[in-house]
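**Q** Just passing along the structure, written as structure tokens.
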Amino acid sequence: MIYEFKGYKPVVHPTAFIHPQAVVTGNVIIGKDVYIGPGCALRGDWGQIIIEDNCNVQENCTIHMFPGTTVRLKEKAHIGHGAIIHGATIGRNCMVGMNAVVMDNVIIEDECIVGALAFVKADTHIPTRSVVVGNPAKIVKQVSDQMIEWKDQGTQQYMQLPSDCHDSLKPCEPLTEVPDYYYESMANNYKTWNETK
């Protein structure tokens with residue numbers, strides 16, 4: 001659902017996909033091949049939200065801000081299920097883990113990984129290629145080339161997802177029996193971090 005607010009209408013690139021059960025309000029700019037999952041709330045009512053090309057904002061994420069603030073997700077930012085970004089800047093090719101909270105005036109520089117359930121307190125500055133975990137979040141190590149390669153593989157899946165959703169996602173009635181082909185593998189070449197390290 002997309003809403004105008006005080007004269008501001010969201011601007012969405014045609015290749016982006018916003019799930020019909022997401023809510024995008026006001027001064028929000030969404031770039032190419034961005035995926036916005038169901039249950040997301042992007043509220044550009046008190047400030048601006050800029051989501052650059054090839055980002056993904058997964059199911060049940062919230063993006064908001066204090067009045068007069070711009071939230072920016074730079075190119076290929078990967079925001080995991082249930083995360084909250086409030087008044088922060090997420091650098092290029094970063095990953096924010098599931099149910100993490102990134103607070104006001106936080107700057108996370110490029111190619112960082114924020115662990116699931118991390119709490120990044122307001123006014124924190126995270127340098128490039130940091131691994132951040134915990135509550136309150138702390139830098140525990142540097143992001144390796146191998147970690148970036150793994151993150152890129154996951155983000156590539158999400159970069160393809162908008163096109164797949166435009167092509168094939170549609171409401172339907174459920175089946176009453178499982179077809180034989182459901183038991184065939186839907187596997188691809190992606191492996192979890194534990195399988196790759």
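**Q** Are any residues in the range 144-185 in contact with a helix residue (DSSP H, G or I) (Cβ under 8 Å, 6 or more places away or on another chain) and surrounded by 13 or more Cβ atoms within 10 Å (Cβ to Cβ), and if so, which ones?
**A** Those that are in contact with a helix residue (DSSP H, G or I) (Cβ under 8 Å, 6 or more places away or on another chain) and surrounded by 13 or more Cβ atoms within 10 Å (Cβ to Cβ): Met147, Trp150.
**Q** Within the range 110-121, identify whether any single residue is assigned to a strand (DSSP E or B) and in contact with a helix residue (DSSP H, G or I) (Cβ under 8 Å, 6 or more places away or on another chain), and answer yes or no. Show your work before the answer.
**A** Just the residues of the range 110-121 that are assigned to a strand (DSSP E or B), to begin with: 113-114, 119-120.
This time we only want the ones that are in contact with a helix residue (DSSP H, G or I) (Cβ under 8 Å, 6 or more places away or on another chain), so: 113.
Scanning the range 110-121, I find at least one residue that is assigned to a strand (DSSP E or B) and in contact with a helix residue (DSSP H, G or I) (Cβ under 8 Å, 6 or more places away or on another chain), so the answer is yes.
**Q** Scan the range 23-46 and give yes if some residue there is closer than 14 Å to Ile85 by Cβ, surrounded by fewer than 18 Cβ atoms within 10 Å (Cβ to Cβ) and among the aliphatic types (A, V, I, L, M), otherwise no.
**A** Yes.
**Q** Here's a follow-up. I'm checking my understanding of the structure. Among residues of the range 49-91 that are part of a loop (DSSP other than H, G, I, E, B) and of a type in the set (A, V, I, L, M, F, W, C), which one is most open to solvent (accessible area, probe 1.4 Å)?
**A** Initially, the range 49-91 is screened for residues part of a loop (DSSP other than H, G, I, E, B), giving 52-55, 58-61, 65-69, 74-77, 80-83, 87-88, 91.
Filter once more, keeping what is of a type in the set (A, V, I, L, M, F, W, C): 55, 61, 65-66, 77, 83, 88.
On the way: Cys55: 1, Cys61: 1, Met65: 0, Phe66: 116, Ala77: 0, Ala83: 0, Ala88: 1 Å².
So the residue we want is Phe66.
**Q** Right, something else. Can you give me the number of residues within the range 122-143 that are in a loop (DSSP other than H, G, I, E, B) and buried (at least 18 other Cβ atoms within 10 Å of the Cβ)?
**A** Residues of the range 122-143 in a loop (DSSP other than H, G, I, E, B): 122-124, 127-129, 134-137, 143.
From what's left, buried (at least 18 other Cβ atoms within 10 Å of the Cβ): 124, 129, 137, 143.
Selection size over the range 122-143: 4.
**Q** Read through the list (1) within 16 Å of the chain's Cα centre (by Cα); (2) modelled with pLDDT under 95; (3) not in a helix (DSSP H, G or I), then give the number of the only condition that Gln153 fails.
**A** Condition not satisfied by Gln153: (3).
The values are calculated or read from the model by the stated rules, or taken from the named source; none is laboratory data. This structure is a prediction, so every number in the text was calculated from the model and none was measured. Counting neighbours? That spans all protein chains shown, and the Cβs are built from the backbone with ideal geometry, glycine included. Protein only, heavy atoms only, side chains kept; ligands, DNA and RNA dropped before computing areas. Shrake-Rupley method; radii C 1.70, N 1.55, O 1.52, S 1.80 Å.
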